[in-house]
Amino acid sequence: MDTKIAIMREESIDIEAIKEAGKVISKGGLVAFPTETVYGLGANALDEEAVKKIFEAKGRPQDNPLIVHVNDFSIEDLVEEIPAVAKSAMEKFWPGPLTVILKKSDKVPLATSAGLDTVGIRMPANAIARSLIKEAGVPIAAPSANISGKPSPTEVSRCIEDLQGKIDYIIGGDHSEVGLESTILDCTVIPPCILRPGGITLGMLKSIDENIYMDPGIMKKPEGDFKPKAPGMKYRHYAPKAPVKIIEGDLQKTIAKINEMMQNYIDDNKRVGIMATEETKSQYKAGEIISLGSRSNLSEVAQNVFEILRTLDDSNVDIILCEGFEEREIGIAIMNRLRKSAGFDIVKV
Ligand code: AMP
Ligand code: MG
């Protein structure tokens with residue numbers, strides 16, 4: 001399949017290209033596009049056949065539901081009801097990196113919700129994404145625009161790498177502003193529960209309802225008969241080719257441990273990638289060292305984490321050692337993605 005590619009900036013949208021891509025969506029095709037969280041792979045959320053193509057192109061497991069992206073607040077057609085707390089969350093955090101889970105209406109095909117009677121809905125803030133939804137004239141179901149299992153794309157080059165030849169259209173924009181997928185808030189339960197941490201933090205959500213809490217399964221390794229409430233959480237995710245190990249604990253001890261582990265791998269003729277920070281990068285003696293950003297700016301770390309996992313893949317390292325981060329605010333989402341990318345291979349110091 002020929003994949004058309006159009007690159008633009010959020011401040012200077014190529015409206016002709018967006019109209020063309022919108023038509024692709026409304027006719028049942030697939031379009032990758034930028035959002036502020038990560039790049040999405042979109043299809044008409046109301047067209048079962050179109051949605052099935054997303055699962056094929058990504059190699060996505062059939063029981064992993066898609067998030068429906070909308071361009072305005074009138075989502076009544078898509079859902080059975082909108083509880084007051086969901087309405088408040090939407091009003092406060094839309095457009096933005098928050099997905100609300102609601103009871104779905106019959107209009108949303110089971111292919112989109114992966115057989116569930118609920119649906120995740122989000123209004124993105126990115127102007128290119130908004131413009132595409134508007135031109136398509138339908139809500140757009142879109143998971144991340146990567147081959148299933150790989151780190152999510154935050155740059156268009158990664159969508160091209162993964163999906164060129166498999167989808168109809170790729171729209172490029174800037175590097176994703178948040179860099180991690182949306183926060184998922186289940187509003188079908190009382191109190192609402194966070195199923196996946198993201199750019200809208202627990203603290204921010206507590207301003208809507210102080211009883212909102214984080215599903216305790218979020219930071220646990222899915223094993224045995226553990227059934228995560230967000231079906232996607234049970235799969236291997238965000239994983240580069242090389243195994244990842246997270247070293248967590250006191251920072252000085254972390255640096256010492258990484259240097260020690262690195263030396264052992266080097267003695268074994270292994271190439272080691274190190275995910276460091278501005279504050280620590282000069283303290284590593286060898287290895288492919290990449291800084292995720294400053295520890296005093298966790299938003300920057302969030303922005304870079306997926307792209308750096310992919311960069312280390314490109315440099316063909318055999319093992320990736322990564323520092324842990326403080327679990328507060330967006331740090332919770334960062335640690336959730338890092339631990340999953342490591343398959344919960346964690347070294348505590
Ligand atoms: P992705 O866009 O690839 O990050 O995947 C969307 C994520 O949202 C998946 O991990 C799903 O588990 C989650 N999700 C989407 N819809 C629902 C739903 N109705 N209930 C629970 N989780 C959902
Ligand atoms: Mg994904």
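The values are calculated or read from the model by the stated rules, or taken from the named source; none is laboratory data. Source: prediction; values computed, not measured. Every residue, glycine among them, receives a Cβ derived from its backbone with ideal geometry; neighbour counts consider all protein chains shown.
Quick grid of which residues meet (1) touching an Asp or Glu at 6+ places or on another chain (Cβ under 6 Å); (2) surrounded by 21 or more Cβ atoms within 10 Å (Cβ to Cβ); (3) closer than 22 Å to Lys220 by Cβ:
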position	(1), (2), (3)
Lys257	no, no, no
Gly273	yes, yes, no
Asn316	no, no, no
Ala333	no, yes, yes
Asp345	no, no, yes
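Conditions tested, residue by residue: (1) within 24 Å of Gln252 (Cβ to Cβ); (2) under 22 Å from the mean Cα position of the chain (by Cα); (3) part of a loop (DSSP other than H, G, I, E, B).
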site: Glu278; (1), (2), (3): yes, no, yes
site: Ser282; (1), (2), (3): yes, no, no
site: Arg295; (1), (2), (3): yes, yes, yes
site: Thr311; (1), (2), (3): no, yes, no
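Taking the range 244-255 as the range and being exposed (fewer than 14 other Cβ atoms within 10 Å of the Cβ) and either under 16 Å from Glu288 (Cβ atoms) or free of Cβ contacts under 8 Å to residues at least 40 places away in the same chain (or both) as the test, only Gln252 passes. Taking every residue in the range 141-166 that is within 11 Å of ligand 1 (Cβ to nearest atom) and pairing it with any residue that is part of a loop (DSSP other than H, G, I, E, B) and charged (D, E, K, R), at least 6 positions away or on another chain, the pairs with Cβ-Cβ distances below 7 Å are Pro143/Arg60; Ser144/Glu181; Ser148/Arg60; Gly149/Arg236; Ser152/Glu181.
Evaluated against (1) in a loop (DSSP other than H, G, I, E, B); (2) modelled with pLDDT of 95 or more; (3) surrounded by fewer than 19 Cβ atoms within 10 Å (Cβ to Cβ), Gly199 falls short on exactly one condition, (3). Is the range 288-309 home to any residue that is touching a helix residue (DSSP H, G or I) at 6+ places or on another chain (Cβ under 6 Å) and at positive phi? The answer is yes, given that some residue of the range 288-309 is touching a helix residue (DSSP H, G or I) at 6+ places or on another chain (Cβ under 6 Å) and at positive phi.
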